[in-house]
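**Student:** Sending over a structure as structure tokens; questions will come in a sec.
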Amino acid sequence: MHAPNPTLTLIGAPTDVGASVLGASMAPDALRIAGIARALRGRGFEVIDRGNLAGPGNPQAQPASGFRHLAEVTTWNEAVYTAVLADLEAGHLPLMMGGDHCLAIGSISAAAQHCRNHGRRLKVLWFDAHADANTPESTPSGNLHGMPVACLLGHGPAGLTRLAGVPALEAGQIGLVGVRSVDDSEKEFVREHRIEVYDMRAIDELGMRAVMERALADVDADTHLHVSFDMDCLDPSVAPGVGTAVRGGPTYRETQLCMEMLADSGALRSADLVELNPALDIRNQTAELAVDLLESLFGKSTLIRRRH
């Protein structure tokens, strides 16, 4: 017999303070308009919408000491950390609806703390066109949505690298999928830390099924799997409503396969959906696509399939 589905909680984080382009702050409500709660209830889950977290506005300031909006980004991540950890400790499965990808520092730090509290292993799969591994020394822009992977590994401002007192992750706990835009300094960071990366060349050469099998190879019944999904992972011909689009990403079907294989793992315990930018979308189609993908992540499939 399968265990009953956990309660899903929707946590809106309506901010774009970490991004280079305005608009991601509208994403949580765009997802609601696209019917996210109804769709996930249709998968048999109890869904609780927590509404939107409160936080500072976007001052649209220039970088200061190498960062744009560090104080605001820190405040938002503290709020995300508190909300996600509370739901995890209550036995729920939180879905953080960003907002830009800097917010994953808070959600993944919460997942890491929860795993430490309960002696579980954490694995993060990070779907993104970008490596998001700039450091304070290497960032060309100061935008913090380009730094969350580095921050989670302990390289960044203390307010972000130590939300739970210690860095959230070790390099072996995170895998990047769909990457195709990487700064030279990020290439060195990824190589030096031996981060697991499946870039678009790997997907082209191996196929998405083989890539996902490798990415999930160390995920077992004792693993807490956190999926952090940036909508710019997809090819912009499929998902135009993003702030930093990069051509040559996964197709709709390749991404659906990812979601279905993640669901088949049975290990998903928390997730992020970020970098949806309604200001750049066309009739909310990228938000509707996001809901479609999330349905698959939470178990929708064409046929009844046996979990591996």
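**Student:** Based on the Cβ-Cβ distance of R120 and A171, what FRET efficiency does E = 1/(1 + (r/R0)^6) give at R0 = 22 Å, to the nearest 0.05?
**Tutor:** Result of the calculation: an efficiency of 0.75.
**Student:** By Kyte-Doolittle mean hydropathy of at least 0.5 and Cα axial length of at least 15 Å, which whole DSSP H helices of the chain are selected?
**Tutor:** 285-297
**Student:** Quick one: 3J(HN,Hα) in Hz for the range 228-238, Karplus 6.51/-1.76/1.60 with θ = phi - 60°, rounded, Gly and Pro as x.
**Tutor:** My calculation for the range 228-238 gives 10, 10, 8, 5, 7, 4, 5, 5, x, 5, 9 Hz in order.
**Student:** Restrict the search to the range 49-123; then list the trypsin sites (Lys or Arg not before Pro) that DSSP places in a loop and that have at most 15 other Cβ atoms within 10 Å of their Cβ.
**Tutor:** Listed in order of number, the matching sites are R120.
**Student:** Working out 0.36 nm times the residue gap between A279 and S65, then minus their Cα-Cα distance, what length gain in nm do you get to one decimal?
**Tutor:** Working it through step by step, the gained length comes to 74.1 nm.
**Student:** Obtain the nm distance between the two label points defined at A90 and N5 by a simple spin-label model: each point lies 7 Å from its Cα along the Cα-to-C-beta direction.
**Tutor:** With each label placed 7 Å out from Cα toward Cβ, I get 1.8 nm.
**Student:** With a 10 Å cut-off between alpha carbons and a GNM built on the chain, which of N77, N284, N58 moves the most?
**Tutor:** Per the Cα network of the chain with a 10 Å cutoff, N58 tops the list.
**Student:** Follow-up question, since we're still on this one. Return the single residue from A83, A129, A71 with maximal mean-square fluctuation; model: Gaussian network over the chain, springs between Cα atoms under 10 Å.
**Tutor:** A71
**Student:** Answer with one residue from I203, L95, A27: the one whose Cα lies farthest towards the positive end of the charge dipole of the chain, charges on Cβ with Lys, Arg +1 and Asp, Glu -1.
**Tutor:** L95
**Student:** Additional query: For the range 71-214, with only Lys/Arg (+1) and Asp/Glu (-1) charged at the beta-carbon, what is the dipole magnitude about the Cα centre, in debye rounded to 20? Please report the intermediate quantities before stating the final value.
**Tutor:** Details: 12 positive and 19 negative charges, 109 e Å.
Approximately 520 debye in magnitude.
**Student:** Follow-up question, since we're still on this one. Where nothing but the Cβ of Lys and Arg (+1) and of Asp and Glu (-1) is charged, how large is the charge dipole of the chain around its Cα centre, in debye to the nearest 20?
**Tutor:** 760
**Student:** Once you've got the GNM for the chain with C-alpha springs shorter than 10 Å, pick whichever of L225, L160, L53 has the biggest mean-square fluctuation.
**Tutor:** Largest GNM mean-square fluctuation: L53.
**Student:** With a cut-off of at most 14 other beta carbons within 10 Å, and DSSP calling the residue loop, which GluC sites (Glu not before Pro) in the range 1-102 qualify? Please list them.
**Tutor:** Values: sites: E46, E72, E78, E89; in loops: E46.
Qualifying residues, ordered by number: E46.
**Student:** Could you order the peptides 26-37, 229-240 from most to least packed, using the average number of other C-beta atoms within 10 Å per residue?
**Tutor:** 229-240, 26-37
**Student:** Using a 1.4 angstrom probe, figure out how much accessible area the chain has per residue, in square angstrom, rounded to the nearest whole.
**Tutor:** With all protein chains present, the chain gives 41 Å² per residue.
**Student:** Taking only DSSP H segments of four or more residues, each worth -39500 (n - 2.57), what value at 222 nm results for the chain once the sum is divided by all its residues, to the nearest 500 deg cm²/dmol?
**Tutor:** Theoretical 222 nm ellipticity from helices: -10500 deg cm²/dmol.
The values are calculated or read from the model by the stated rules, or taken from the named source; none is laboratory data. Predicted model only: the values in this text are computed from it and were never measured. Positions of Cβ are generated from backbone atoms using ideal geometry, with glycine treated the same way; all protein chains shown enter the neighbour counts. Calculation scope for accessible area: heavy atoms of the full protein, side chains included, ligands and nucleic acids excluded. Shrake-Rupley method; radii C 1.70, N 1.55, O 1.52, S 1.80 Å.
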